[in-house]
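All remarks here apply to the structure that follows.
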Amino acid sequence: MKRRNLLWYSLLFTAGCTTGVNSINNSEQMTITAPKKLKFAVTDATGIEDLQRDYGVFRTVLEEILGIKIEFFPVENPTAAAPALLSREVDIVFAGPSEYLILNARAKAIPIIAIERSNYHPIIVVRADSKIKSLAQLKNKTIAMRKVGSTSGHLAPTKLLMDAGLDPKTDFKIVMLGDKGVQALKKGEVNAWATASDRYKNILESEGLLEKDFSIIFTGPLLPNDVFVASNQLTSSFIADLQSRMIEHQEKLIQSLLTAKENQKYKGSKLIPANDDSYNMIREVYQKLGQGNFL
């Protein structure tokens, strides 16, 4: 998902209206308390038009799978879903890894389903003629990253550098240049560029650059997944049923995401049960950066 700067907004703790419930039966004839409707938000979709364009088909398919009406709930910024969860204005949120940590810490959101991308690694790139061959050699160097709070373009690369023995506060300089970091690298304005493996070739192509002019000096492990979370005010039986149904019908759900240009990064992905421990890497980076209080 696109990452935006993590702005730390005051959370709302007022309670909203109580969600109505009805009873449905699953295949084992167990009674599951389910809401009459669900409100769905996406942390990177800030308006109703973006939600309709990128997630309209997905919403329709999920409605059919669950047999429940789903309404979009647009948020003003990536962290606004936290107060919305607390005030019961939204029930399900699709979030990036960084935003998930906020939703989990501030609103006690429950991770349901993660979407695993097969080629989603952080990479560190230098010019082909660079003498830099290892991460340790980036000490006292300038590194282009994407934006503050980006999993693949800030937090994960920072973790790679930390693991190489570098202190993010003192040992290297970060400049946030979006997708223009590669141009800065080509011009020699920075010593290295951090990005995601599944974006690398697309960025080079869009900037009219050639792979032969660059060298990937390090590829990190698979990055934490984007994740669907639920309000902790939904019943545990319904959340379990929701997870089961999404996994069972994951082919339809992923194909529905791929109808939008913005979601092509999910091609070849699969839905898996979400695991909170998978996001400890990001927590560690925030702690090292002195921002652990946000989480």
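The values are calculated or read from the model by the stated rules, or taken from the named source; none is laboratory data. Computed from a predicted model, the values in this text were never measured in an experiment. Cβ atoms come from the backbone with ideal geometry, glycine included; neighbour counts cover every protein chain shown.
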Helices (runs of 4 or more DSSP H) wholly inside the range 191-295 containing at least 3 residues that are among the hydrophobic types (A, V, I, L, M, F, W, C): 236-248, 250-257, 280-288
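Residues checked against (1) free of Cβ contacts under 8 Å to residues at least 12 places away in the same chain; (2) closer than 17 Å to T235 by Cα; (3) not in a loop (DSSP other than H, G, I, E, B):
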position	(1), (2), (3)
P74	no, no, no
N77	no, no, no
A84	no, no, yes
V90	no, yes, no
V93	no, yes, yes
L103	no, no, yes
P111	no, yes, yes
When residues of the range 121-171 are limited to those that are part of a strand (DSSP E or B) and among the basic types (K, R), the one farthest from E99 (Cα to Cα): R127
Test: residue in the range 145-160 that is farther than 30 Å from I239 by Cα, of a type in the set (G, A, S) and at pLDDT below 95: yes
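Please tell me if S23 is modelled with pLDDT under 95, part of a loop (DSSP other than H, G, I, E, B) and among the hydroxyl-bearing types (S, T, Y). Quick ask: steps written out before the conclusion?
Values: modelled with pLDDT under 95: yes; part of a loop (DSSP other than H, G, I, E, B): no; among the hydroxyl-bearing types (S, T, Y): yes.
Answer is no for this residue.
Only one residue in D44, D91 is modelled with pLDDT of 95 or more, surrounded by 18 or more Cβ atoms within 10 Å (Cβ to Cβ) and within 22 Å of A274 (Cβ to Cβ). Which one?
Working: D44 fails: modelled with pLDDT of 95 or more.
Unique residue meeting the criteria: D91.
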